[in-house]
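The structure appears below as structure tokens.
The values are calculated or read from the model by the stated rules, or taken from the named source; none is laboratory data. Keep in mind the model is a prediction, meaning the values are calculated, not measured. Here Cβ is always computed from backbone atoms with ideal geometry, including for glycine, and neighbour counts include all displayed protein chains. Surface accessibility is based on the protein's heavy atoms, side chains included, excluding ligands, DNA and RNA. Shrake-Rupley method; radii C 1.70, N 1.55, O 1.52, S 1.80 Å.
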Amino acid sequence: MVHSNGRSRKDAPVLPPGYRVYAVGDVHGRDDLLRDVFIRIDSDLKGHPSRRPIEVYLGDYIDRGPGSCAVIDLLTWRAQHREVVVLKGNHETFVPAFLENPAILRDWSRWGGLETLMSYGLRPSFNPGEAELMQLSDALRDALPDSHQAFFDRLVPNFELGDFYFAHAGVRPGRLLSDQVESDLLWIREEFLTFEGAFEKVIIHGHTPVIEPEFRPNRINIDTGAYATGRLTCLMIENDTVFIV
């Protein structure tokens, strides 16, 4: 059981009655692992039905792994059949940035951008020049299905339900949750990770890979480095119960 600092057991964080949340960590182009998560969620729901299940995906769907395009296809399909919340991760900022400024690929490629381009059928060279950068940006714009553009457009920086707050990277300590800024929700690391005080709600996040899901009194980290480890974590929350599916 997860407790915020200063809370007794009877004040443990809870979801509203009837809700169940499945929160999924950073996918990073591993469509194979995402399919497995769908199976795990569906199996859990079949064995233990819920009146209001919600799936919350914590961002970083693209880059690093080989199947970024397939991951977005899968999540777009999933949203047609389930109640799904897709949060924005810091990696999702690279696609619109690259479409506006092709030179961003020089930075993006260090974080898995070439793998994303290849998943859309593009064949970038390892160190593209100015002309190729322009061509690649135009080619990606042409290759992005309308459904994928809509996917990027509808990403949200945070989601909250009951005593839980979901964000890709975390939150800025000392700032109300209602006053958080998107750059922190997508990028923050040390200031958040080392903070041991209580937040208004328990923060469910990814962004910083850990070997095992990390349960702290004020936060839970479920980024288990799927692209490298082959482990994509799904956290189930219902009432005051929290466990890994």
May I ask you to evaluate 6.51 cos²θ - 1.76 cosθ + 1.60, the Karplus curve with θ = phi - 60°, for each residue of the stretch 99-104 and list the ³J(HN,Hα) values in order in whole Hz, giving x for glycine and proline? 5, 8, 9, x, 5, 5
For the chain, give the percent of accessible area contributed by carbon and sulfur heavy atoms, probe 1.4 Å, rounded to a whole number. 52 percent
Förster-model FRET efficiency, 22 Å R0, ARG216 and TRP187, C-beta, rounded to 0.05: 0.65
The long-range amide H neighbours of ARG20, using H built 1.01 Å from N in the peptide plane and a cut-off of under 5 Å, are ARG52, ILE54
With +1 assigned to the C-beta of every Lys and Arg and -1 to the C-beta of every Asp and Glu, and no other charges, what is the dipole magnitude of the chain about the Cα centre in debye, to the nearest 20? 720 debye
Tell me the accessible surface of LEU186 in square angstrom (1.4 angstrom probe, heavy atoms of protein chains only), to the nearest ten. 0 Å²
Would you be so kind as to identify which of PRO209, ALA131, HIS91 lies farthest towards the positive end of the dipole of the stretch 30-244, taking Lys and Arg as +1 and Asp and Glu as -1 on Cβ and the Cα centre as origin? PRO209
If the convex hull of the alpha-carbon atoms of the chain is projected onto planes in all directions, what is the mean projected area in square nanometres? 13.1 nm²
Between ASP153 and ARG52, what is the label-point separation in nm under the 7 Å Cα-to-beta-carbon projection? 2.9 nm
Add -39500 (n - 2.57) for each DSSP H run of 4 or more in the chain, then divide by its residues: what number comes out at 222 nm, to the nearest 500 deg cm²/dmol? -9500 deg cm²/dmol
For the chain, share of DSSP beta bridges that run antiparallel, in % to the nearest 5: 50 percent
Per residue and in Å³, how big is the convex hull formed by the alpha-carbon atoms of the stretch 19-127? 92 Å³
What's the FRET efficiency of ASP107 with ASP179 using the Cβ-Cβ distance as r and R₀ = 35 Å, to the nearest 0.05? 0.75
The set of residues whose placed amide H lies less than 5 Å from the amide H of VAL85, leaving out same-chain residues fewer than 5 positions away, is GLU55, VAL56, TYR57
If you find the alpha carbon centre of the stretch 126-199 and of the stretch 39-83, how far apart are they in angstrom? 18 Å
Could you derive backbone 3J(HN,Hα) for the stretch 113-122 from the dihedral phi with the Karplus parameters 6.51, -1.76 and 1.60 (θ = phi - 60°), listing whole Hz in sequence and x where the residue is Gly or Pro? x, 5, 4, 5, 4, 5, 5, 9, x, 7
Give a residue-ordered list of calculated ³J(HN,Hα) values for the stretch 224-231 (Karplus: 6.51 cos²θ - 1.76 cosθ + 1.60, θ = phi - 60°; whole Hz; x for Gly, Pro). 9, x, 3, 4, 9, 9, x, 10
Can you tell me the accessible area per residue over the chain, all protein chains present, probe 1.4 angstrom, in square angstrom? 45 Å²
